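What follows is a set of notes on a single structure, which appears directly below.
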Amino acid sequence: MGKIFQLLAMGGDGIGPEVLASGLAVFKAVADRAGISYHIEEDVLHGAAWDAHGTFCRDETVVQAKVADAVLVGGVGGPKWDHIKVPGGPEMQDGLMRLRVELDVYLGLRPAFAMPCLESLTPYRAGLITGADVMVLRELCGGSFFGQPRGIDTLADGRRRGYDNYVYDSDQIARFAHAGFQLARRRRGKLTSIDKANVMECFKLWREVVADVARAYPDVAFESMHADNCAYQVAMNPGVFDVILADNMLGDIISDQLGCIAGSKAMLPSACLKGLPEPGQRVAGLYEPSHGTAPDIVGKGIANPVGTILSVAMLFEYSLARPDLARLISTATEAVLETGCRPADLGGSATSASFTSAVLGALTA
């Protein structure tokens, strides 16, 4: 008997537990069908952890996450906890950020692709985004989100001053860039690195190091682009991009923008990995939809679970080395959407539960 796959599941906040339920239902159905033995441990994170334990991420949760083969999170955050301040760095203010740092899952994969059946819901004219398939790689353990010093001071004249330190070292950039070029090789062979090297010292280093790494990948078409220009080009013609390499903050922004080609932010999955595994090899990862926690629709049963379901597909691809099962989930999800069964944010009337049931049916069709 093979090793039992250990999954740590945390609903988080808002609609997180609702979409997590959908993700777990799909995970169990596919794993059972494939004969994969697994054990699922459940815990709380961020706001739910604060309400229960007075911390955004317990030490015990970190221990569980480190021994797990994968972590699946429904989403965290909300206005109820936004202004709570606790001692320590930024990772102590956000349960998800702490897990990313503790697990060193620096490689954030955020795919966005256009489904033909949903193109009419996008802001693009007919045909412009047909076939668009973009992978944003977001560096997750450095940059302005974690740089020190940071804070808000009161000056002698009573004015308040906020500041953050935007910092990367060359090793952080290089390991991230290597993974990006390796992934581009497996896709369409093009990588665009975005930065603000025209105004920021940190990004001058970023551009220099990425260009150095690029020399080891002559088979990958490479370009550096200022982030504001990239945002414009994504708005005008996203199909020209393949892999976009971005730091923590710019990757956060540009990956959300690419939700436009998917029809809704709720369609966007993500994988946070310890590195890019070789084909056939497994890697530990943290998986989550890229959308927020939508406190305004909590309990209504209408949350779109697609981002979580597709995050489960990425889990099968990277942490179980089963890209065939990942494709099975993606294909089933798109097939259901093509039938017109769609959640409210896509103009449909399907509930979270009914949409998930439809996907489970498509998986066995």
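So how many residues does the range 115-164 have that are in a loop (DSSP other than H, G, I, E, B) and polar (S, T, N, Q)?
Of the residues in the range 115-164, 3 are in a loop (DSSP other than H, G, I, E, B) and polar (S, T, N, Q).
Can you confirm whether residue 75 is closer than 25 Å to residue 267 by Cα and at pLDDT below 95?
yes
If residue 212 passes every condition in (1) farther than 14 Å from residue 185 by Cα; (2) in a strand (DSSP E or B) but one, which one does it miss?
(2)
So, in the range 139-167, how many residues would count as being open to solvent by 70 Å² or more (accessible area, probe 1.4 Å) and within 30 Å of residue 275 (Cβ to Cβ)?
Selection size over the range 139-167: 4.
Going through 282, 327 one at a time, which residue ends up being outside any loop (DSSP other than H, G, I, E, B), basic (Lys, Arg), modelled with pLDDT of 95 or more and open to solvent by 10 Å² or more (accessible area, probe 1.4 Å)?
327
Checking the conditions here, which among 286, 250, 310, 245 is closer than 20 Å to residue 10 by Cα and touching a strand residue (DSSP E or B) at 6+ places or on another chain (Cβ under 7 Å)?
Among 286, 250, 310, 245, only 286 is closer than 20 Å to residue 10 by Cα and touching a strand residue (DSSP E or B) at 6+ places or on another chain (Cβ under 7 Å).
Let's see how each residue does on (1) in contact with a helix residue (DSSP H, G or I) (Cβ under 6 Å, 6 or more places away or on another chain); (2) exposed (fewer than 14 other Cβ atoms within 10 Å of the Cβ); (3) of a type in the set (Gly, Ala, Ser); (4) modelled with pLDDT of 95 or more:
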position: 192; (1), (2), (3), (4): no, no, no, yes
position: 198; (1), (2), (3), (4): no, yes, no, yes
position: 213; (1), (2), (3), (4): yes, no, no, yes
position: 218; (1), (2), (3), (4): no, yes, no, yes
position: 224; (1), (2), (3), (4): yes, no, yes, yes
position: 230; (1), (2), (3), (4): no, no, no, yes
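Can you tell me how many residues within the range 168-190 are among the hydroxyl-bearing types (Ser, Thr, Tyr) and open to solvent by less than 40 Å² (accessible area, probe 1.4 Å)?
1
Looking only at the range 4-39, which residues are under 11 Å from residue 320 (Cβ atoms) and open to solvent by 50 Å² or more (accessible area, probe 1.4 Å)?
If the condition is that a residue be under 11 Å from residue 320 (Cβ atoms) and open to solvent by 50 Å² or more (accessible area, probe 1.4 Å), then 38 is the only one that fits.
For residue 365, only one of the following conditions fails: (1) at pLDDT below 95; (2) farther than 18 Å from residue 28 by Cβ. What is its number?
(2)
Just to verify a result, which residue in the range 334-347, among those that are assigned to a loop (DSSP other than H, G, I, E, B) and at pLDDT 95 or above, is surrounded by the most Cβ atoms within 10 Å (Cβ to Cβ)?
Here the residue is 342.
Sort out which residues of the range 285-300 are of a type in the set (D, E, K, R) and either in a loop (DSSP other than H, G, I, E, B) or at pLDDT 95 or above (or both), and write them in order of number.
Residues satisfying the conditions are 288, 300.
Name the residues in the range 40-59 that are assigned to a helix (DSSP H, G or I) and open to solvent by less than 50 Å² (accessible area, probe 1.4 Å), would you?
Those that are assigned to a helix (DSSP H, G or I) and open to solvent by less than 50 Å² (accessible area, probe 1.4 Å): 47, 48, 49.
Tell me, please, whether a residue that is within 22 Å of residue 145 (Cα to Cα), in contact (Cβ under 8 Å) with a residue 60 or more places away in the chain and open to solvent by less than 60 Å² (accessible area, probe 1.4 Å) can be found in the range 294-306.
Scanning the range 294-306, I find no residue that is within 22 Å of residue 145 (Cα to Cα), in contact (Cβ under 8 Å) with a residue 60 or more places away in the chain and open to solvent by less than 60 Å² (accessible area, probe 1.4 Å), so the answer is no.
Among (1) farther than 19 Å from residue 13 by Cβ; (2) of a type outside the set (Val, Ile, Thr); (3) in a helix (DSSP H, G or I), which single condition is residue 88 missing?
Looking at each condition in turn, residue 88 falls short on (3).
Output the number of residues of the range 94-120 satisfying the condition of being farther than 24 Å from residue 70 by Cβ and either touching a helix residue (DSSP H, G or I) at 6+ places or on another chain (Cβ under 6 Å) or crowded, with 23+ Cβ neighbours inside 10 Å (or both).
The number of residues fulfilling the criteria is 3.
Confirm whether residue 207 is under 25 Å from residue 104 (Cα atoms) and surrounded by 18 or more Cβ atoms within 10 Å (Cβ to Cβ).
yes
Cβ contacts < 8 Å: first residue over 22 Å from residue 147 (Cα atoms), restricted to the range 169-185; second residue of a type in the set (Phe, Trp, Tyr) and open to solvent by 50 Å² or more (accessible area, probe 1.4 Å), any location; separation 6+ or different chain. Result?
Cβ pairs passing all conditions: 181/222.
Tell me the residue from 76, 105 that is in contact with a strand residue (DSSP E or B) (Cβ under 7 Å, 6 or more places away or on another chain), closer than 24 Å to residue 43 by Cα and part of a loop (DSSP other than H, G, I, E, B), please.
Just a single option satisfies the conditions, and that option is 105.
In this structure, is residue 272 crowded, with 21+ Cβ neighbours inside 10 Å and touching a strand residue (DSSP E or B) at 6+ places or on another chain (Cβ under 9 Å)?
Yes, satisfied.
The values are calculated or read from the model by the stated rules, or taken from the named source; none is laboratory data. Values in this document were obtained by computation on a predicted structure and should not be read as measured data. Counting neighbours? That spans all protein chains shown, and the Cβs are built from the backbone with ideal geometry, glycine included. Accessible surface is based on the protein model in full, side chains and every heavy atom, while ligands, DNA and RNA are left aside. Shrake-Rupley method; radii C 1.70, N 1.55, O 1.52, S 1.80 Å.
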